[in-house]
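Below is one structure; the comments refer to it alone.
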Amino acid sequence: MTLDLTRRSLLKFMGGAVVGSVLSPLPWKLLDDAAIWTQNWSWIARPPRGPVSHMFTTCQLCPVGCGMRARLIGASFVSAWPVVGDPAAAGTLCPLGLAAAQMRYHPSRVRGVARRARAAADPAWRIVDADATTGELGQRLAACRSRGAGDSIAIVDLRPGRAMSRLYREFLARQGGGIYATAPDAWQASAAAFAGMATVGALAPAPDPARARTVLNFGAPLTAGWRGRDIVPHAAGGPRLIQVDPAATITAARADRWLPARPGSEAPVALALAHVLVFEALAADARVNALADLPHENGSTLRTVLADFAPERVAANSGLTPAQLRDTARELAAGRPALVLGVGDAGGGPLGSEEEAAIWNLNLLLGAVGPDGALGVRPADTALFDEPAGPAARSLSDIPDGSLDVLLVDGSFPGVPVSAEQLRRKLRGPDGLLVALSPYAGGAAGTPADLILPVFAPGEWVEDVPAPALAARSSYSWATAVAVPAPFALHPAEWLAQLEAASGLVVPPEGGKSGHEAELKRRAGVLQSRGSGQVFDPADGNTTDVAAMSDPDLLAGALARGARWSDKATLTLADRDVRPLGQGGGLAARWRSLAGGRADAAKPGATGSLLLMAGGGLAPAAGAITAPVLNKLYRESGLQPGSRQLAVSATTARALGLAEGKSALLTTAHGRRRVKVRFDNSLPPDVARIAAGPDPADMGDPAASADDRTDIPDLCGAAERPVWRLVRADLQEAHDGNA
Amino acid sequence: METHSKATVCYAMVIDLDKCVGCGTCNVACAIENNVSVPPPEALENRGLTWMRTQRVDNGKAWPDHRTVTVPIPCQHCEHAPCIHVCPVTAVQLDESTGIIGQIPTRCMGCRYCMAACPYHARYFNWFDPKWPEGLQDTLNPDVAPRMRGVAEKCNFCHGRLDRARELAAAEGRPAAEPVHYTPACAEACPHGAITFGNRLEEGGPIAALEKKPEAFRLLEALGTAPKVTYLSREPWIRRIGLSRLDRVRGHGDGPEGA
Amino acid sequence: MDRQLIQRGLDRTTLPRFLLWLLPWLLLAAWGGTSATQLFRDGLYHTNMDNRFAFGLWIILDLAIIALGAGAFFLGFMTYLMRRHEFKQVLNTAVIVGFVCYSGAIVTLAIDVGQPVRAWFAFWHANVHSMLTEVTFCITCYLLVLLIEYIPIVLKNRRLRTVPGATVLEFNLHKLMVVFAGVGAFLSFFHQGSLGGMFGVLNGRPFAYREGVGIWPTTFFLFIWSAISAGPSFIMLITMIVQGVTRKKLVDDFVLSRLGRLSGILLSTYIIAKVADTVVWIMVTLPGKGFDAAEFYRSDMFGAWVLFLELTVFGLLPATILLNRRRVEKMPWLIAGGFLTCFGVAFNRFVFTLQTLSVPTMSFDRFMIYWPSQQEWGVLAGVVAYGVILYSLSFRYLNLFPRERELQTTTGSN
């Protein structure tokens, strides 16, 4: 048979082949592969693989220090979850803490020693040689020391009370009298006001709403995630809540009584309440009378000051009626044990020492200070850990402007509302050097810095976390290392030792990383030897008495596994150890100057049409570094306002000719900032609010910056005055429109 | 309420709005658990990916009578889901054994018909290539596959956690037919205990009891979608937000201002 | 070469003038091409669509051009099945316009989906319950039918006729045209209907949702009805435009009038159905879902005028014009009526697409508006330009109007 291949038969064969192949697996396999290919692009992110495990640690992103369960896949720290039963924040974690795992890879993380010339036209960060930079800095310190100007060196510790804090103080002492400074946030400032009224030292207030029948609260979001310690609603067996709040906030709406006092009138309102207690409600109480008549050094007594704050006189400026004030005071007196809390909206910085003192006085008058009352007293951290005296901590605002050659800022804690401008002003001219020990080029420390030392990010090293200010109990835990440290990151203590060596001193054994570890162990030992308190083990949820722990290593071991030590506030503050008008009685005059309210007192020369309140929202801090996923709250759902949105009531905005979403220029006596108008009818007329929180436009993108960028504390004049939560402002539509 | 005749499990969620304070923890916990990407800063408004959207709603009144509530809105996992029957590529499916409406991103072709169909705006589209800052992919959850651009995604009641719970149950030798208990990320993270999750078919279980409370309501109940997410509030004005716009206006006499 | 391609006896303009005519359209097509490249490369973030406006300009474009392209199947149906042979004069135009509209719509859809490489999943993982599946299947099949209908027109080209096989194929295809017209009509009915059904079945979107008749919502039928009302008008307008641009008489005037009247008859019945549907929607459907129609017409963008415009200016008015025998003989009336009808159907598709997404569903939703981005307009411009270019080439090299030779009295420009 011959093969007779014609064109026709070839075509037939090809046609048959095509039809036949459809019946074969080939085309279907190809289709299937094509389908799989579209599902598995090589550029889709690949999660880590490996066995799942958990480690327990403490959150370091805010002072509350919540317990945290770190989820690990292999060696990768992938997510953080709350620890059920943890006493720090009732086993909860806020959005910042939940996103803690992302902080190590934050886009603004510094990947080496970074320096910038702020005066230069292009003040961009450049990675420089670490050893050379440390050497240069050491020579500066040596020069200061040799000319006897130790006080031109300072360290600002934004998280005082840690083992690292002690290392800073000792380092400064060896440098010939350097300054150890803190920049108190709203809670720390409130605690400091309390300590300032006591004549016995090293005490910390420990208010416990759970032990009160009535709680009077000035502005803090007590039912809305207040430091992870929500108040139980009255209906569910909690205390009766009286909220003093200018805005119709969630806490105000859920309170049993809401006093919509004008912003800035907190001190006169508190003093008017005290007036009613002293002259009317508790006039028959011998203890109250003794306190009211206690003579101070300048001869004044609480009674004479309070006489000027009758409800009738305060009512006009506070927006409240005399009856509201009287009823509230009587309700407090009848509903004892009562607790009065200050702090206000912490996003706007301290409420003010005058306000806080007036509020603590209410607590004193209402009694119940001590282990059985609603206001407990616990030892300050320095007292708790038997620290030797180093240089005393000073407030940042007490350092004279233009006096420092070298200012080190511990920014391992990214968010604290500190004025960048205030920090810069402390430096001696253009040669002064601001050095941030910070993982990030941003935040409280990174924003004003000339030089950034890339220290470990949260989760990369073992650090201790003392009890937050105003905590109801003493507590202590370690933030354990749950992640592999970045190769470029430095241990702050280790770097401090290098610096000390570079400055020509011999580093003693208590310096450096080993010194830090020894101090951590020492602290565990102190707690063990005291023998009081309990240790909560997050792994099994059990609590063990410290008294049952025979060996200091047992406690240290537990802390290293993420356990938390805590102890009841057991101290008492006797009435004889209290000075209601402060040491020397100086509060009397300061209160009288605030009789008309704080906003008017702070009013600059030019009258602004709006009263601007700083704060609101999650607002951890001005220019804070927040995890990229927080965009979900700030940008994608608009739940948190961020620092580029100005909240103002619809009526007020329309009176200024501004529609919702309009770009506007907000001007104060201290600066200006472009904002977007956001209607918020919870605000009273002529009051605006801006969050001192992160800038949603910049989140995850630190390179972006606008010309008219002013951080909220600086916009409100925080560089010049300790209380900056209120300021007069003008608002005008921005016509260039590129907000 | 229609239930599946043979099924013993029907997962459902109850959100107590009186406990919710609008902190957004659920929103963030969800994003972290489910590898939800973050669009770049230049992204337009309303292009986010918030499986658990937290929406602030107010009563439309001025200070001092102004009140707000935050409504967490996950996928409502409707019994009569408007999104299932519209999908041309069968990328949306109801799991009869759990009641969960699942989304298969690897099959989705991105026509967005399901998004147009959903009255709760609970579906999101990947307008951008999901990108994570350098190194951040090391914090992704291996139990949930990251998506690619051009597909829709939404809440699936943390299906990754359900799978883990089933694996655990299997490892413990429990029969596969036995209902599995697990907690989605939002319910675990909520600091105020506002979110309850569980099997609504469980006799005497918490979900069935909460769903029967007089303060329970659902969003747009009249549409007949029968959501498996129930909301609770003792405040009458908050209960009215579940109604359509008109009903709410009638209840107020003043136009509400949605957030 | 160019001359040899032009049909014998047809007067066409010089090649340079023709190329000059194409130039602006080529530029628009280039804009479309650039936009499409950007969208394929980077993703859909170049559009202004968002999570609320899941559909935008492109879906409106798709719905509108598919409705306007309905003339292709409907005139085929009238010519071959109803034996109205006067429409044969414009049938070739109808086929090409239909082809342009459907292929343009498919290209736009391919750009519109987020994962174009998975577009075939509509066949691979087809969900038979989805109206969109029905649309995809019918449009794809119908595009094949249109292609088959297009081929004989192309094969009649002077050069191609010299190929023996082409003539045979053309002759055979021509015999089958009745079958294809029938198949086309069936497919078209279905996808025009399913396009309407796409909106009518949205039980979570009360603005679009409609009660069912049988297994289909009323929009299924209304979309068919409005499309076949507008189809003849669109073919009529296109023919007039071609006559105007080329300054040639191409069809008998009575054909145009009959196209117009055909539209008028269908439109008047459509409007009755539409009014009845709207009444049922307002009185029964919406209250049952807890809504009130007034709520949908409260925004600045979509007032009650939307409904008024649709029913009167784009409904009753063109219907009265085109129903009148005397008026359809007069060109200005015919143009006005035809234009209002075509614009009306596009407006209807716009309302169903955009207002559905724009109006709030939940009590706390906001009215939202959307404006397309440069890239979205670019794709639209590209599709329109593609249509004009394909039609121009067809007109130049193929014999689209059988009566052209006899009717030619003046010199043309194209």
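Readers should treat all values here as calculations from the given coordinates under stated rules, not as data from a laboratory. On a predicted model such as this, the values are computed, not experimentally measured, just so you know. Methodologically, a virtual Cβ is constructed for each residue, glycine included, from the backbone with ideal geometry; neighbour enumeration extends over all protein chains shown.
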In degrees from 0 to 90, rounded to the nearest 10, what is the angle of the helix A:512-530 Cα long axis to the longest principal axis of chain A?
-> 50 degrees
Take C:234, B:197 and order them by how many other Cβ atoms sit within 10 Å, fewest up front.
-> B:197, C:234
Using DSSP, restrict attention to beta bridges with both residues in segment A:618-689 and report what percent are antiparallel, rounded to the nearest 5.
-> 65 percent
Gaussian network model of chain C, Cα within-10 Å springs - most flexible of C:357, C:393, C:316 = C:393
Which percent, to the nearest 5, of DSSP beta bridges fully inside the protein assembly as shown are antiparallel?
-> 65 percent
Does anyone have the angle between helix C:253-280 and the longest principal axis of chain C? Alpha-carbon axes, 0 to 90°, nearest 10?
-> 10 degrees
How big is the charge dipole of segment C:42-102 about its Cα centre, in debye rounded to the nearest 20, if each Lys and Arg gets +1 on its Cβ and each Asp and Glu gets -1 on its Cβ?
-> 400 debye
Residue among A:495, A:341, A:13 farthest towards the positive dipole end of chain A, charges placed on Cβ = A:13
As a Kirkwood estimate from alpha-carbon pairs, chain C has a hydrodynamic radius in angstrom of 22.4 Å
If you line up the long axis of helix A:163-174 against the longest principal axis of chain A, both from Cα atoms, how many degrees apart are they, to the nearest 10?
-> 70 degrees
For residue C:299 paired with residue A:526, estimate the spin-label separation in nm (one decimal), with each label point 7 Å from Cα along the Cα-to-Cβ line.
-> 6.3 nm
Starting from the Cα gyration tensor of segment A:52-105, take the square roots of the eigenvalues, sort them a ≥ b ≥ c, and report rounded, prolate or oblate (rounded when a/c is under 1.5, otherwise prolate if a/b is larger than b/c, else oblate).
-> oblate
Gyration tensor verdict on segment B:1-110 (Cα atoms; rounded if a/c is under 1.5, prolate if a/b is larger than b/c, oblate otherwise) = oblate
Ranked by Cβ crowding within 10 angstrom, fewest neighbours first, how are A:152, A:419 ordered?
-> A:152, A:419
Over 25 Å, how big is the tail of the calculated P(r) for segment A:365-517, in percent of all Cα pairs?
-> 44 percent
What would the Debye formula give as log10 I(q)/I(0) at q = 0.10, 0.12, 0.15, 0.18 Å⁻¹ for the alpha-carbon point model of segment A:460-576, no solvent?
-> -0.40, -0.55, -0.78, -0.97
Expressed to two decimals, segment C:225-302 has a Cα Rg over Rh, using the Kirkwood radius, of 1.24
Send over the Kirkwood Rh of segment A:10-96, from the inverse of the averaged 1/r over different Cα pairs, rounded to one decimal Å.
-> 17.9 Å
Fraction of the pair-distance distribution of segment B:11-252 above 32 Å, Cα-Cα pairs, percent | 21 percent
Segment C:1-147 shape via C-alpha gyration tensor axes, a/c threshold 1.5 = oblate
Looking only at trypsin sites (Lys or Arg not before Pro) in DSSP loops with at most 11 other Cβ atoms within 10 Å, what is the longest site-free stretch of chain C?
-> C:84-246
Partner chain coverage, peptide C:55-68 - average Cβ within 10 angstrom | 1
Ranked highest first by the average count of other Cβ atoms within 10 Å around their residues, in what order do A:686-693, A:282-289, B:33-40 fall?
-> A:686-693, B:33-40, A:282-289
Extending each Cα 7 Å along its Cβ direction at residue A:199 and residue A:297, get the distance between those two points in nm, one decimal.
-> 1.2 nm
Where the only charges are on Cβ atoms (+1 Lys, Arg; -1 Asp, Glu), what is the dipole of chain A about its Cα centre, to the nearest 20 debye?
-> 1280 debye
Evaluate the distance, in nm, between pseudo-label points positioned 7 Å from the Cα of residue A:173 and of residue A:593 along their respective Cα→Cβ axes.
-> 3.6 nm
Which percent, nearest 5, of DSSP beta bridges in chain A are antiparallel?
-> 60 percent
With springs only between Cα atoms under 10 Å, which of C:381, C:230, C:54 fluctuates most in a Gaussian network model of chain C?
-> C:54
Spelling it out for residue A:687: with amide H atoms placed in the peptide plane at 1.01 Å from N, the residues 5 or more places away or on another chain with amide H under 5 Å from its amide H are A:611, A:649
Charged-residue dipole, Cβ positions (Lys, Arg, Asp, Glu), segment B:11-252 about Cα centre, Debye nearest 20 = 820 debye
With the radius of gyration and the Kirkwood radius both derived from the Cα set of segment C:243-366, what is their ratio Rg to Rh?
-> 1.11
Of all the C-alpha pairs in chain A, what % are more than 41 Å from each other?
-> 35 percent
Just counting partner chain Cβ atoms within 10 Å, what average do the residues of peptide C:38-45 show around their Cβ?
-> 4
Least to most buried among A:157, A:537, B:143 (fewest other Cβ within 10 Å first) | A:537, B:143, A:157
With 10 Å bins from zero, work out the P(r) of segment A:337-418 over every alpha carbon pair and list the percent per bin.
-> 13, 27, 38, 19, 4, 0
Considering chain C as a Gaussian network with a 10 Å cut-off on Cα pairs, which listed residue, C:350, C:171, C:221, attains the greatest mean-square fluctuation?
-> C:171
Within 10 Å of each Cβ in peptide B:52-62, how many partner chain Cβ atoms are there on average? Round it to a whole number, please.
-> 5
Could you give the radius of gyration (one decimal) and Dmax (whole number) of the Cα atoms in the protein assembly as shown, in Å?
-> 37.5, 134
